[in-house]
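Everything below concerns the one structure shown next.
The values are calculated or read from the model by the stated rules, or taken from the named source; none is laboratory data. Remember, it's a predicted structure, so these values are computed and weren't measured experimentally. Glycine gets a Cβ as well: all are built from the backbone with ideal geometry, and neighbour counts include every protein chain shown. Note: accessible area is taken over every heavy atom of the protein model, side chains too, but ligands, DNA and RNA are not part of it. Shrake-Rupley method; radii C 1.70, N 1.55, O 1.52, S 1.80 Å.
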Amino acid sequence: MSDPTPVFDDLREESRELDLLVAELTESEWARATPAPRWSIAHQIAHLHWTDRAALLAMTDQAAFQKFAEQALTSPDSFVDDGAEEGVRLGPAELLTGWRNSRRELDHALREAAARHTRFPWFGPPMSAAAMATGRLMETWAHGQDVADALGVVRAPTDRLRHVVRIGVRARDFAFAVRGLPAPRDEFRVEVSAPSGELWTYGPEDAAQRVTGSAVDLCLLVTQRAHRADLALTALGPDADRWLDIAQAFAGPPGTGRDPGAAAPEEAPQEEAMPDQAPPEGPAR
């Protein structure tokens, strides 16, 4: 079994960089709309906090997590939004503190669990500590992209994206299945250039169907943070071409994605965005 420590370290660093983006924001900036409809920056961080706490519960009290998951899934269309709203009601300072605490506790739990080679329940199949951390990193990067877009910040990509690429590639057949489509019979060759310049490759070298481009663009695609038309990704073969239309790295129903050429995010509703008023998983927003 490979050492999972690198993904734990990468998750911690990805979270730290997002923390730096929001740590000094004013209350009005926390209420700024993001590209996710009706979600402010506060909603984005609240969702990460909610999901970190859910992951921690799954790893520390499986019976309690089972009850939590059953309750959440009684409202499959709203539990992600409800969890985010709960966090927004805390206000920016308390929310930020809570998110930092949940990150620290989850990091400790992941490292302890990896030493025991334990698997944990989740909203889908049971997960190892490494898989849980990889999923959390994917979500942190994706929701961090929404925050960066809302703030007009261009983030420097890093090779931590290899985890997001890997999830996206491995989720190929799920993207077809969740839309009621048959999965392609043959493997694809995926070749993407990493931020460091390295070439990341997946699948047989002689595969007839191929996807090529940049790792950043593939990550934006599989997390549905940008429309395919706005990304420099190339597909060879009909199934590979179809995959680029429907790819998703996250569990759950098909996401709505983003419109091509999406510009400024729509304004968040005032009653939901104001941090002093009372107003997981779903990286597809």
Please go through (1) buried (at least 16 other Cβ atoms within 10 Å of the Cβ); (2) over 20 Å from ASP149 (Cα atoms); (3) modelled with pLDDT of 95 or more for GLY197 and return the number of the only condition it doesn't satisfy.
(1)
Selection from the stretch 161-183 of residues out of contact with any Phe, Trp or Tyr (no Cβ under 7 Å at 6 or more places or on another chain), open to solvent by 30 Å² or more (accessible area, probe 1.4 Å) and at negative phi yields ARG166, ILE167, ARG170, ASP173, PHE174, ALA177, VAL178, ARG179, LEU181
Do you know which residues across the stretch 200-229 are charged (D, E, K, R) and either open to solvent by less than 30 Å² (accessible area, probe 1.4 Å) or closer than 22 Å to GLY261 by Cβ (or both)?
ASP217, ARG225, ARG228
Of the numbered conditions (1) more than 21 Å from ASP259 (Cα to Cα); (2) surrounded by fewer than 16 Cβ atoms within 10 Å (Cβ to Cβ), ALA232 satisfies every one except a single condition; which is it?
(1)
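Do you know which residues across the stretch 119-136 are over 11 Å from ALA58 (Cβ atoms) and open to solvent by 30 Å² or more (accessible area, probe 1.4 Å)? Write out each step before concluding.
Filtering the stretch 119-136 down to residues over 11 Å from ALA58 (Cβ atoms) leaves 124-125, 128, 130-131, 133-136.
Within the stretch 119-136, GLY124, PRO125, SER128, ALA130, ALA131 meet the criteria.
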What pairs come out if I take residues in the stretch 19-46 that are over 12 Å from LEU151 (Cα atoms) and pair them with residues that are among the polar types (S, T, N, Q) and open to solvent by less than 10 Å² (accessible area, probe 1.4 Å) whose C-beta lies under 8 Å away, six or more apart or interchain?
ALA36/GLN44; HIS43/THR34; GLN44/THR34
So ASP186, is it assigned to a helix (DSSP H, G or I), farther than 30 Å from ALA63 by Cα, among the acidic types (Asp, Glu) and open to solvent by 40 Å² or more (accessible area, probe 1.4 Å)
no
Being touching a Leu at 6+ places or on another chain (Cβ under 9 Å) and of a type in the set (Val, Ile, Thr) narrows VAL164, VAL178 down to just VAL164
Would you point out the residue of the stretch 1-51, among those that are basic (Lys, Arg) and not in a helix (DSSP H, G or I), that is farthest from the chain's Cα centre (by Cα)?
ARG32
If you go through the stretch 108-138, how many residues are closer than 14 Å to PHE8 by Cα and of a type outside the set (Lys, Arg)?
17
Is there a residue in the stretch 99-118 that is open to solvent by 80 Å² or more (accessible area, probe 1.4 Å) and touching a strand residue (DSSP E or B) at 6+ places or on another chain (Cβ under 9 Å)?
yes
Kindly state which helices (runs of 4 or more DSSP H) lie completely within the stretch 53-129 and contain at least 3 residues that are within 19 Å of PRO253 (Cα to Cα) and over 18 Å from the mean Cα position of the chain (by Cα).
62-72
